[in-house]
């Protein structure tokens, strides 16, 4: 276990210890306690999915620390900014340009389900909003997974006038879009062609398939003015589309065929045709070109690649349910584990033969 920990530390940001001190994660920690032991204890809870009570028992047995489950929850809450800072550094290493920013930001909405272990473990849906590029979580909500009003929807999120929101297909509904616009926000959402219908300014049906098939070259971008009819009224916006590369189309078709085979369904020709494009609906101001709108969606998708790993890790374990600050710390902790997993995989694949970087301990010497 100690050897594995030494390897894992090599994948952390070089200033991870300094960040712990700067963000106040060590505030109140006894002087004889190690920042390494603190992180290892937090990862027992966040990475292994143990409950707070089981985590403190394991930490005590491993001589990492002697604290109660209540004290661990308080320490998790104090570590929120530290975990966030570690995520920001690892996202930069991942190639995603995230940073603290006083300029233009968007809110990326998403949701995932969490199954807590054990016979009495509950199934929850986590709704969260992360600001890009600062990666700051500004909203966290838990709902059951069954019953009216528990599915993915913009209605779960507080919307402020001037908010710029980016979301994926799960939120691609007319009523959800109307909810955002009525609150004074702007939205860009990946189009679910099975649930979102468009009309022209005259109220006629808009031929989406006919429009996007006019894009013949990979990388070609175009937009069309459309309207969406919601329960709150008619929403005006644009459909922005981009033609995928041949390889991206091949991969999308393979995924569709696998899904259809697993579910025993028949793929429709128009489904395969729509898979050749990235299509979003946006109410972002017309000053933003279609390419700029798609670029913001691309940034969200880059973060989503890590969120996909987070969603698999989120199935491992318990989460704070009644404390918003602890819940946000839990989110950052899960993202940290997801980023470390992604970095480990990238290095193991790309670097031979041992799979991780050697820490320079002395200057190179001539062997002659």
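The values are calculated or read from the model by the stated rules, or taken from the named source; none is laboratory data. These numbers come from a predicted model, not from an experiment. Cβ coordinates were reconstructed from backbone atoms using ideal geometry, including for glycine residues, and neighbour counts include every protein chain displayed.
Conditions tested, residue by residue: (1) outside the structural domain of residue 232 (by TED's automatic domain parsing); (2) within 28 Å of residue 114 (Cα to Cα); (3) in a loop (DSSP other than H, G, I, E, B); (4) in contact with a strand residue (DSSP E or B) (Cβ under 9 Å, 6 or more places away or on another chain).
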position	(1), (2), (3), (4)
147	yes, yes, yes, no
161	yes, no, yes, no
170	yes, yes, no, yes
203	no, no, yes, yes
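This table checks each residue for (1) modelled with pLDDT of 90 or more; (2) surrounded by 14 or more Cβ atoms within 10 Å (Cβ to Cβ); (3) out of contact with any strand residue (DSSP E or B) (no Cβ under 8 Å at 6 or more places or on another chain).
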position	(1), (2), (3)
6	no, no, yes
12	yes, yes, yes
23	yes, yes, yes
30	no, no, yes
46	no, yes, yes
60	yes, no, yes
68	yes, no, yes
76	yes, yes, yes
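Please enumerate the residues belonging to the stretch 157-177 that are in contact (Cβ under 8 Å) with a residue 40 or more places away in the chain and out of contact with any helix residue (DSSP H, G or I) (no Cβ under 9 Å at 6 or more places or on another chain).
170, 172, 174
Considering each residue of the stretch 178-191, count those that are in contact with a helix residue (DSSP H, G or I) (Cβ under 7 Å, 6 or more places away or on another chain) and part of a strand (DSSP E or B), and give that number.
Going residue by residue through the stretch 178-191, those that are in contact with a helix residue (DSSP H, G or I) (Cβ under 7 Å, 6 or more places away or on another chain) are 179-180, 187-190.
Restricting the remaining residues to those that are part of a strand (DSSP E or B) gives 187-190.
The qualifying residues number 4.
Tally the residues that are assigned to a helix (DSSP H, G or I), in contact (Cβ under 8 Å) with a residue 60 or more places away in the chain and more than 20 Å from the chain's Cα centre (by Cα), restricting the search to the stretch 46-88.
Summing the residues that are assigned to a helix (DSSP H, G or I), in contact (Cβ under 8 Å) with a residue 60 or more places away in the chain and more than 20 Å from the chain's Cα centre (by Cα) in the stretch 46-88 gives 4.
Output yes when any residue across the stretch 14-34 is within 25 Å of the chain's Cα centre (by Cα), touching a residue at least 12 places away in the same chain (Cβ under 8 Å), assigned to a helix (DSSP H, G or I) and closer than 22 Å to residue 322 by Cβ, and no when none is.
There is no residue in the stretch 14-34 that is within 25 Å of the chain's Cα centre (by Cα), touching a residue at least 12 places away in the same chain (Cβ under 8 Å), assigned to a helix (DSSP H, G or I) and closer than 22 Å to residue 322 by Cβ.
For the stretch 234-352, which fully contained helices (runs of 4 or more DSSP H) count at least 3 residues that are in the same structural domain as residue 208 (by TED's automatic domain parsing) and at positive phi?
none
If a residue must be within 21 Å of the chain's Cα centre (by Cα) and surrounded by fewer than 18 Cβ atoms within 10 Å (Cβ to Cβ), how many such residues does the stretch 171-197 contain?
Here the count works out to 1.
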